[in-house]
There are 2 protein chains.
Amino acid sequence: MGRLATVGAKDQISAGLHGSVLDEFGALITSGAFPPGHVLRIEQLEERFGVSRSVTREAIRVLESMGLVTSRRRVGVTIAPRSAWNLFDPRVIRWRLDGADRDELLASLGELRRGVEPVAAGLAARHATPEQCGTLTGAVMQMAVHGRSGDLSAYLAADIVFHRTLLEASGNEMLGALTDVVAEVLAGRTHHHLMPAHPEPAAIRWHAEVAQAVQAGDAEAAERAMRDIVEEANRAMLTTPSPATP
Amino acid sequence: MGRLATVGAKDQISAGLHGSVLDEFGALITSGAFPPGHVLRIEQLEERFGVSRSVTREAIRVLESMGLVTSRRRVGVTIAPRSAWNLFDPRVIRWRLDGADRDELLASLGELRRGVEPVAAGLAARHATPEQCGTLTGAVMQMAVHGRSGDLSAYLAADIVFHRTLLEASGNEMLGALTDVVAEVLAGRTHHHLMPAHPEPAAIRWHAEVAQAVQAGDAEAAERAMRDIVEEANRAMLTTPSPATP
DNA sequence: AACACCCAATTAATCATATCTTTTAACCTC
DNA sequence: GAGGTTAAAAGATATGATTAATTGGGTGTT
């Protein structure tokens, strides 16, 4: 699908001129380059990014809708305090994962997973289709194979399929909407080497337990096993020291 | 902090012309007035909302960033399928709560709470400041008073303070970012008469338990009591039949 | 003289319009 | 059916008009 290959992994939606401005400016803000309360004038931004006013305004509108800035007449564009940010916006998550507070964010998201995924597993046990059950067990098999062979990249792919399928199988759209976030966490964990070279064998076993419990319709067991998974994951992330940022 | 107790009343950010268009159009889309895949031309939208092209484009940019539409050259503005929507965007939640799939959404959000809030309670037990503990116990007292007197509105306000404070006290920004969503659920539940006329006494007792456990730093107990709260809430919401929409 | 209050003048965002460019779906030709 | 051509619609820029709000001065009051 690549076309002109939007440079690497960046699976960005931002098509068009305004998208680049949005992306660049958003990354700047989330990285803390501008302190909250800092005011910029639209004219400055036009000139800084070398685009016209309407393009600038469109980018600002989006940033405003994400809570990163506010725009008021006679004042300008004000950087909003972090508390106003829409932290669940996929773009905000992406910018922050690519930025400096990556580790802190991964920790926060880990706690979120600890709450969400066991519930999703329990619901999946009651709602998963046979096809989804098949996908789950297939993913577990892949994990087992590549976990043993040490192919972390393939292991990650299977892991993502597993968790994505499970969240979707919960039948709850809000939980399903978290698939991308969870995938980002899993990927981030691997890419930033917050995982041991060989995945915990217990983790694979627990994944198998979840898949089995879901298929059997045993909500309790699915929830319990999933809780084991995410708790172990968070523990591993905390104990594995983060290497220096690239 | 209360100020004028925003409880449910349209706390809309949308200032300016483009905000109204965004709000109106977004509500239309989320309500299903346009089927996914339906295509509109910008010119049509200009005329429909009686605004200029630039304003229309700004609104569309924001809608696009929420995943509600896509805009492509030579084609027009296409309504995106639900799976692409940014379901965690506060505005999307608001539109849907005001629209037809309110009940379904409240159910989904209830399950989300079931996952998130117990974890938040556990974390709060380890991170809450003395001041936050005070706010919690104060809120519980208010709930007890107004629960007995049958003042549902005041009860709701105290309930919101309780859950907001707890999520913030978790020290986890992602969980903290869910405060508005949780407040919407609580408010929606009351306003749409999905709650009994007199709140469950057990619920108040559990709130007290949570507050106490948080103060004592007992994460296990806080988590358990909070689990009781949300499970009871979901049960009550399921069993209380939803009255006709106003 | 110190303070509060009100009114304009200024300033910068907001909105509208006109024009040009770029993309690309659809059509037509060979 | 592969190829190029056309035209339709969004994208981008430029600019003028409008609106709102901050600022500062002036007036009246304490």
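The values are calculated or read from the model by the stated rules, or taken from the named source; none is laboratory data. Every value quoted in this text rests on a predicted model; they were computed, and no experiment measured them. Backbone-built Cβ (ideal geometry, glycine too); neighbour counts: all protein chains shown.
Does at least one position in region B:119-127 carry a residue that is surrounded by fewer than 20 Cβ atoms within 10 Å (Cβ to Cβ), away from DNA strand C (no atom under 12 Å from the Cβ), without any contact (Cβ under 8 Å) to a residue 60 or more places away in the chain and within 13 Å of another protein chain (Cβ to nearest Cβ)?
Narrowing region B:119-127 to residues surrounded by fewer than 20 Cβ atoms within 10 Å (Cβ to Cβ): B:126-127.
So of that shortlist, the ones also away from DNA strand C (no atom under 12 Å from the Cβ) come out as B:126-127.
Within this subset, residues satisfying the condition of being without any contact (Cβ under 8 Å) to a residue 60 or more places away in the chain are B:127.
Applying the additional criterion that residues be within 13 Å of another protein chain (Cβ to nearest Cβ) yields B:127.
Scanning region B:119-127 turns up at least one residue that is surrounded by fewer than 20 Cβ atoms within 10 Å (Cβ to Cβ), away from DNA strand C (no atom under 12 Å from the Cβ), without any contact (Cβ under 8 Å) to a residue 60 or more places away in the chain and within 13 Å of another protein chain (Cβ to nearest Cβ).
Which of the residues belonging to region A:71-96 are within 13 Å of the chain's Cα centre (by Cα), closer than 26 Å to residue B:118 by Cβ and assigned to a helix (DSSP H, G or I)?
A:90, A:92, A:93, A:96
For residue B:107, are the conditions met, namely being of a type in the set (A, V, I, L, M), closer than 30 Å to residue A:57 by Cα and surrounded by fewer than 20 Cβ atoms within 10 Å (Cβ to Cβ)?
Considered against the rule, which asks whether it is of a type in the set (A, V, I, L, M), closer than 30 Å to residue A:57 by Cα and surrounded by fewer than 20 Cβ atoms within 10 Å (Cβ to Cβ), residue B:107 comes out as no.
Looking only at region A:65-80, count how many residues are within 14 Å of chain B (Cβ to nearest Cβ) and surrounded by 13 or more Cβ atoms within 10 Å (Cβ to Cβ).
10
Identify the residue in region B:50-64 that is in a loop (DSSP other than H, G, I, E, B) and more than 9 Å from DNA strand D (Cβ to nearest atom) and, among all such residues, is nearest to the other protein chains (Cβ to nearest Cβ).
Per the criteria, the residue is B:51.
Quick grid of which residues meet (1) within 14 Å of DNA strand C (Cβ to nearest atom); (2) more than 14 Å from residue B:65 (Cα to Cα):
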position	(1), (2)
A:18	yes, no
A:33	no, yes
A:41	yes, yes
A:44	yes, yes
A:55	yes, yes
A:59	yes, no
A:62	yes, no
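Let me confirm something: among B:195, B:143, which residue is modelled with pLDDT under 95 and of a type in the set (A, V, I, L, M, F, W, C)? Can you show your working first?
Working: B:143 fails: modelled with pLDDT under 95.
Selected residue: B:195, the only one of B:195, B:143 that is modelled with pLDDT under 95 and of a type in the set (A, V, I, L, M, F, W, C).
Test residue A:54 against the stated conditions and say whether it is without any contact (Cβ under 8 Å) to a residue 12 or more places away in the chain, among the small types (Gly, Ala, Ser) and in contact with a helix residue (DSSP H, G or I) (Cβ under 9 Å, 6 or more places away or on another chain).
Judged against the criteria, residue A:54 is a match.
Test of understanding: among B:89, B:23, which residue is closer than 25 Å to residue A:179 by Cβ and either within 12 Å of DNA strand D (Cβ to nearest atom) or of a type outside the set (Val, Ile, Thr) (or both)?
Exactly one residue qualifies, and that residue is B:89.
Which helices (runs of 4 or more DSSP H) sit wholly inside region A:128-188 and have at least 3 residues that are at positive phi?
Correct list: empty, since no element meets the threshold.
Is it the case that some residue within region B:32-40 is of a type outside the set (D, E, K, R), under 28 Å from residue A:56 (Cβ atoms) and either modelled with pLDDT of 95 or more or more than 11 Å from DNA strand D (Cβ to nearest atom) (or both)? Break it down into steps so the answer makes sense when it comes.
Within region B:32-40, the first condition is being of a type outside the set (D, E, K, R), and the residues that meet it are B:32-40.
With under 28 Å from residue A:56 (Cβ atoms) added as a condition, the list becomes B:39-40.
This time we only want the ones that are either modelled with pLDDT of 95 or more or more than 11 Å from DNA strand D (Cβ to nearest atom) (or both), so: B:39-40.
Checking region B:32-40: at least one residue is of a type outside the set (D, E, K, R), under 28 Å from residue A:56 (Cβ atoms) and either modelled with pLDDT of 95 or more or more than 11 Å from DNA strand D (Cβ to nearest atom) (or both).
Considering region B:100-127 alone, what residues qualify as being within 23 Å of the chain's Cα centre (by Cα) and of a type in the set (A, V, I, L, M)? Before you say what the answer is, go through the steps one by one.
First, pick out the residues of region B:100-127 that are within 23 Å of the chain's Cα centre (by Cα): B:100-124.
Passing the criteria: B:100, B:105, B:106, B:107, B:109, B:112, B:116, B:119, B:120, B:121, B:123, B:124.
I need the full set of residues from region B:109-149 which are among the acidic types (Asp, Glu) and under 21 Å from residue B:189 (Cβ atoms), in order please.
Residues of region B:109-149 among the acidic types (Asp, Glu): B:111, B:117, B:131.
Of everything in region B:109-149, those that are among the acidic types (Asp, Glu) and under 21 Å from residue B:189 (Cβ atoms) turn out to be B:111, B:117.
With respect to residue B:59, determine if the residue is out of contact with any strand residue (DSSP E or B) (no Cβ under 6 Å at 6 or more places or on another chain) and buried (at least 17 other Cβ atoms within 10 Å of the Cβ).
For residue B:59, the condition - out of contact with any strand residue (DSSP E or B) (no Cβ under 6 Å at 6 or more places or on another chain) and buried (at least 17 other Cβ atoms within 10 Å of the Cβ) - is met.
Looking only at region A:135-155, decide whether some residue is surrounded by 23 or more Cβ atoms within 10 Å (Cβ to Cβ), within 11 Å of chain B (Cβ to nearest Cβ), out of contact with any strand residue (DSSP E or B) (no Cβ under 8 Å at 6 or more places or on another chain) and of a type outside the set (A, V, I, L, M, F, W, C). Before you say what the answer is, go through the steps one by one.
Looking only at region A:135-155, we keep the residues that are surrounded by 23 or more Cβ atoms within 10 Å (Cβ to Cβ), and these are A:136, A:140, A:143, A:155.
Going one step further and asking which of them are within 11 Å of chain B (Cβ to nearest Cβ), we end up with none.
For region A:135-155, residues surrounded by 23 or more Cβ atoms within 10 Å (Cβ to Cβ), within 11 Å of chain B (Cβ to nearest Cβ), out of contact with any strand residue (DSSP E or B) (no Cβ under 8 Å at 6 or more places or on another chain) and of a type outside the set (A, V, I, L, M, F, W, C): absent.
Output the number of the condition that residue A:70 fails; it satisfies all remaining conditions of (1) hydroxyl-bearing (Ser, Thr, Tyr); (2) in contact (Cβ under 8 Å) with a residue 40 or more places away in the chain; (3) within 16 Å of DNA strand D (Cβ to nearest atom).
(2)
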